[in-house]
Structures are given as structure tokens and as C-alpha cells.
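Below is one structure, written out as C-alpha cells; comments come after it.
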């Protein structure tokens, strides 16, 4: 079995994914290993982007769930990215709920009136930076100016290279809404990157 490609959607990657999927369905470890190496970095980055405190652990849970449903999956590599990202969204949402619950219980136990944000503001920027570490400094900085929703759209469309209709389905938005959010996000990023280029 050939080594994993880094670009979803090309003919070689589609063919290799098909072979790996068939092997995994047959219970062969090499099939699962190929799929893990092909997609785990994207899932880990996505979990970081969504503020997970343990993105590697989330990725492990995501693939455990995905491999348990591998017989029911039907599609190519881009569809698999949508499949595992949907699981990752649920896993990170569960994590955020647990963190908020623990924080609320802790405050209740101490009898204080601290404000619960549900997210560590000190760790969130570094999580985003780690998730997009392959991008240049100007682009990473521009991404941090976006809203969480815009940042997720840009990640799914540009970094994960998902088709717009799959991003819409994954995020529960209409295609038109995704297009509008992506447009606003990219305009913001272009302005910030241009401003940085002029100031140098």
C-alpha cells in the first residue's frame, strides 16, 4: 500500500483511499494505519482550532468512533474528512460542556461569584496558532482577527479543502451563508495582510 498523500481529491489519493478503506473494512491493520496517517493531523488541528485542551486525545476518540462505523461509510477522501470532522465537532462540544460543568461546580463549591467563560482565553490563541502552524505569520495573525465561526469556515474550506456544500452540511448552515461568511473572512484577512505589508 502506497504512503498517504497530503492532498485530498486528486486521482491518486482517491484510489489509495479506496484501497485503504477496503482493507480496513476487511479488518486489515494496514488499512486503518493508512487512514490514520492520512487524516489524523487534520483532525488534531481541527480539535485545536475548536479549543480542545487535549486535541490528540480527541483525535484518538474520533478515529475510534469512525473505525467503529467504517462499514457504513461510503465515499472518497473529502467525504471522509467531513465524516470525521462531524465526529470531532461533537467530541469538542462535549468537552466544552464538561469544562463548563466542572467550572460551574467548582465555583459553586467555593461559594464564589466568578464569571465562567467556558474557555481558557490564554490557551485559545495558541491553539489556533498550532492548528494553522503551516501558514505564514501574517496569515496566522489575520486569522486570529476572525470570529470563531469565520475561522472554522476558513479552516474547512482552505486548509481542509472541503467543498462548500460539505462545509454547509457539517456546520449546519446554508451554502449561501457559508459563502457570505467565507467572503467576509477573506476580505478581513486580505485587509490585515495588506496593512502588514505596507507597514513593513
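The values are calculated or read from the model by the stated rules, or taken from the named source; none is laboratory data. These numbers come from a predicted model, not from an experiment. Glycine gets a Cβ as well: all are built from the backbone with ideal geometry, and neighbour counts include every protein chain shown.
Please work out which one of (1) modelled with pLDDT under 80; (2) surrounded by 14 or more Cβ atoms within 10 Å (Cβ to Cβ); (3) not in a loop (DSSP other than H, G, I, E, B) is the condition residue 135 fails and give its number.
Here residue 135 meets the rest and fails (3).
Let's see how each residue does on (1) at pLDDT 95 or above; (2) over 15 Å from the mean Cα position of the chain (by Cα):
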{"position": "60", "(1), (2)": "yes, no"}
{"position": "65", "(1), (2)": "yes, yes"}
{"position": "71", "(1), (2)": "no, yes"}
{"position": "76", "(1), (2)": "no, yes"}
{"position": "79", "(1), (2)": "no, no"}
{"position": "86", "(1), (2)": "no, no"}
{"position": "92", "(1), (2)": "no, no"}
{"position": "95", "(1), (2)": "no, no"}
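Please specify each residue of the range 152-185 satisfying the condition of being part of a helix (DSSP H, G or I) and within 15 Å of residue 88 (Cβ to Cβ). Steps first, please.
Looking only at the range 152-185, we keep the residues that are part of a helix (DSSP H, G or I), and these are 152-159, 164-171, 175-185.
Those that are part of a helix (DSSP H, G or I) and within 15 Å of residue 88 (Cβ to Cβ): 152, 155, 156, 159, 166, 167, 169, 170, 171.
Of 130, 120, which residue is modelled with pLDDT under 80 and over 16 Å from the mean Cα position of the chain (by Cα)?
120
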